[in-house]
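Peer 1: Have a look at the structure that comes next, please.
Laboratory data are not the source of any read-out in this text; all were calculated from the coordinates shown. Note that the structure is a prediction, hence the values are computed from the model and not measured. Cβ: placed from backbone, ideal geometry, glycine included. Neighbour counts: every protein chain shown.
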Protein chains: 2
Amino acid sequence: MSVDQAAKRDIPDATVARLPGYLRALGQLTAQDVLSVSSEELAHSAGVSSAKLRKDLSHLGSYGVRGVGYDVAHLTYQISRALGLTHDWPVVIVGMGNLGRALASYGGFATKGFKVVALLDRDRALAGERLDELTIQPMDALTAVVTPGEACIGVIATPAASAQDVADLLSAAGVTSILNFAATAIQVPEGVHMRKVDLSTELQILAFHEQQRSGAVSDDLLEEIG
Amino acid sequence: MSVDQAAKRDIPDATVARLPGYLRALGQLTAQDVLSVSSEELAHSAGVSSAKLRKDLSHLGSYGVRGVGYDVAHLTYQISRALGLTHDWPVVIVGMGNLGRALASYGGFATKGFKVVALLDRDRALAGERLDELTIQPMDALTAVVTPGEACIGVIATPAASAQDVADLLSAAGVTSILNFAATAIQVPEGVHMRKVDLSTELQILAFHEQQRSGAVSDDLLEEIG
């Protein structure tokens, strides 16, 4: 194993989960033509403490220069490389309902190292319909799209009832990473990496802050009254 | 300020961000008729260490019983209450393209303490169209839907170019929590809590793991050859 590989493997999962946030903050700085950034500024944009940011970036072998900070372009490259985004990952989206179509046309993927290569739906009536650059294909097309042994990410955007069937088909075709948007738990064989996206998670965090605020208002009233 | 309020305010942001994951894991246990769960099992389902789980739950005043663990129903209630999900939060969705429609019909919201109360779009041609239980309304309807001073969450599902305008309209109408799905940064006035959802974040984390795997395969090959 090369030193580089060993270093990559030592990045803790919690750090990996924060890297996309740093990349997003760096993207905004790049858009504003900012060339370098202090750990404090970058940490603030990403919503973490600067100590945590420095620790996270040290796992990438990236250390800011005292009084100068981090070079925006170089750090962007280092994080992109760590995440494996310096080349395009092929993405197959299954389920061409509203969510699948929204994901298919989501501008954020293309600029972030992903290329949607196929749109699939088991409803044969949809086959042949064009969406931007791609044509919706029936599920049989999966084996032609995925080459076992080559990296490919499968996105499940079907109703909950179909999600497990689709996961089985994706796994059988050789897809080793699955992102599940369907509102149900699915099982995948060993060797397949699966993440579940729950669109209500962010709403729940917002609700917490909204409640804190409501609590604060009531308290102020109580204090005024009391 | 009551002791209860003081306790609520002391929950660290990082803990708040993990609570939805615990709630999701508890929901799966409830579906399997599991009555109690050890901190190790629950931590494993939620993908955190059991030490972190116990620390997080201690902020809610919730401690497992040695040898028994946590009561699934009671812990579900405690986390729901901390997140403010024991009553329904009204949600207004703006932008009735594919993403807005997907969110409008997302089953996960209703079961998790949110109620979509209005669907808005600035395209007047869409006004009057029914989606499930609701009818799409023009943007003017916003002031009738939102009561300043009462909690309401606004969801922006418009194209990037309209997102700032919509955020301004939502803030002006009295919405104090905004969830932005548009692929652009927006500014909100002080007092408005905003979170941005980047649908590519989870893909980036998956890509990292896929790359680790590819790296591992190449290394094994190199070792075999070498």
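Peer 1: Using θ = phi - 60° and the Karplus relation 6.51 cos²θ - 1.76 cosθ + 1.60, list the HN-Hα couplings for the range B:130-142 in order, rounded to whole Hz, with x at every Gly or Pro.
Peer 2: With the stated coefficients, the range B:130-142 comes to 8, 10, 6, 8, 10, 10, 5, 10, x, 4, 4, 5, 3 Hz.
Peer 1: Between B:70, B:58, B:42, whose Cα lies farthest towards the positive end of the dipole of the range B:3-83 when Lys and Arg beta carbons carry +1 and Asp and Glu beta carbons carry -1, centred on the Cα centre?
Peer 2: Projecting each Cα onto the dipole axis, the largest value belongs to B:58.
Peer 1: A further question follows. Taking the label point as lying 7 angstrom from Cα along the Cα-to-Cβ axis, what are the distances from residue A:17 to the corresponding position in the remaining copies, in ascending order and in nanometres?
Peer 2: For residue A:17, the other copies' label points sit at 0.8 nm, shortest first.
Peer 1: Amide H of residue B:176 versus every other amide H placed in the peptide plane: which residues, excluding those fewer than 5 positions away on the same chain, fall under 5 Å?
Peer 2: Close amide H contacts, sequence-distant or interchain: B:152.
Peer 1: Over the range A:83-150, what is the percentage of antiparallel beta bridges among all DSSP beta bridges, to the nearest 5? Before the final figure, lay out each step's value.
Peer 2: Working: 2 of 10 bridges.
If we restrict to bridges inside the range A:83-150, about 20 percent are antiparallel.
Peer 1: Starting from the amide H of residue A:70, placed 1.01 Å from N in the peptide plane, find each other amide H under 5 Å away whose residue is 5 or more places distant or on another chain.
Peer 2: For residue A:70, the qualifying residues are A:37, A:38, A:39, A:65.
Peer 1: If we count every other residue with Cβ under 14 angstrom of residue B:169's Cβ, Lys/Arg +1 and Asp/Glu -1, where does the sum land?
Peer 2: Working: positive: B:122; negative: B:121, B:140, B:165, B:168.
Summing Lys and Arg as +1 and Asp and Glu as -1 gives -3.
Peer 1: Taking every DSSP beta bridge with both residues inside the protein assembly as shown, roughly what % is antiparallel (nearest 5)? Kindly include the intermediate steps, with their values, before the conclusion.
Peer 2: Numbers: 10 of 50 bridges.
The answer is about 20 percent antiparallel.
Peer 1: May I pose another question? Return the FRET efficiency for the residue pair residue B:115, residue A:68: r is the Cβ-Cβ distance, R0 is 60 Å, and the value is rounded to the nearest 0.05.
Peer 2: Details: r = 50 Å, r/R0 = 0.84.
Efficiency, from the Cβ-Cβ distance: 0.75.
Peer 1: Next question, about the same structure. I'd like the FRET efficiency for residue A:35 and residue B:44, computed as 1/(1 + (r/R0)^6) with the beta carbon distance as r and R0 of 41 Å, rounded to 0.05. The partial results should precede the final answer.
Peer 2: Details: r = 44 Å, r/R0 = 1.07.
According to the calculation, E is roughly 0.40.
Peer 1: Calculate how many DSSP beta bridges within chain B are antiparallel, expressed in % of all such bridges and rounded to the nearest 5. Can you show the working numbers first?
Peer 2: Numbers: 5 of 25 bridges.
Restricted to chain B, the bridges split so that about 20 percent are antiparallel.
Peer 1: I need the phi-derived Karplus couplings for the range A:155-164: 6.51 cos²θ - 1.76 cosθ + 1.60, θ = phi - 60°, integer Hz, Gly and Pro marked x.
Peer 2: For the range A:155-164, the Karplus-derived couplings read 10, 9, 10, 8, x, 3, 5, 9, 4, 5 Hz, x marking Gly and Pro.
Peer 1: On to the next question. Between the range B:34-71 and the range A:79-122, what's the alpha-carbon centroid distance in Å?
Peer 2: If we compute the Cα centre of each part, the gap is 35 Å.
Peer 1: Over the residues of chain B, compute the C-alpha Rg and express it relative to 2.2 N^0.38 Å.
Peer 2: On the way: Rg = 21.5 Å, N = 226, 2.2 N^0.38 = 17.3 Å.
Dividing the Cα radius of gyration by 2.2 N^0.38 Å gives 1.24.
Peer 1: Note the distances from residue A:174 to each other copy's matching label point, with points 7 Å along the Cα-to-beta-carbon direction, in nm, sorted shortest first.
Peer 2: Label point to label point, same position, other copies: 5.9 nm.
Peer 1: While we're on this one: For the range A:122-174, count the residues as N, evaluate 2.2 N^0.38 Å, and divide the Cα radius of gyration by that value, please. The partial results should precede the final answer.
Peer 2: Numbers: Rg = 11.7 Å, N = 53, 2.2 N^0.38 = 9.9 Å.
Relative to the rule-of-thumb radius for its length, the range A:122-174 sits at 1.17.
Peer 1: Rounded to whole Å and sorted largest first, list the principal axis extents of the Cα atoms in the range B:89-196.
Peer 2: Computed over the Cα atoms, the extents are 35, 29, 25 Å.
Peer 1: When N is the residue count of the range B:3-83, what does its C-alpha Rg come to as a fraction of 2.2 N^0.38 Å? Write down the numbers at each step before the final one.
Peer 2: Values: Rg = 11.7 Å, N = 81, 2.2 N^0.38 = 11.7 Å.
It is 1.00.
Peer 1: D for the protein assembly as shown, whole µm²/s, Stokes-Einstein with Kirkwood Rh over alpha-carbon pairs at 4 °C and 1.567 mPa s: what number? Provide the component values of the computation, followed by the final result.
Peer 2: Working: Rh = 23.7 Å.
Using the Kirkwood radius from Cα pairs, D works out to 55 µm²/s.
Peer 1: What gaps in nm, shortest first, separate residue A:143 from its twins in the other copies when you place the label 7 Å past Cα toward the beta carbon?
Peer 2: Between copies, matching label points for residue A:143 lie 6.2 nm apart.
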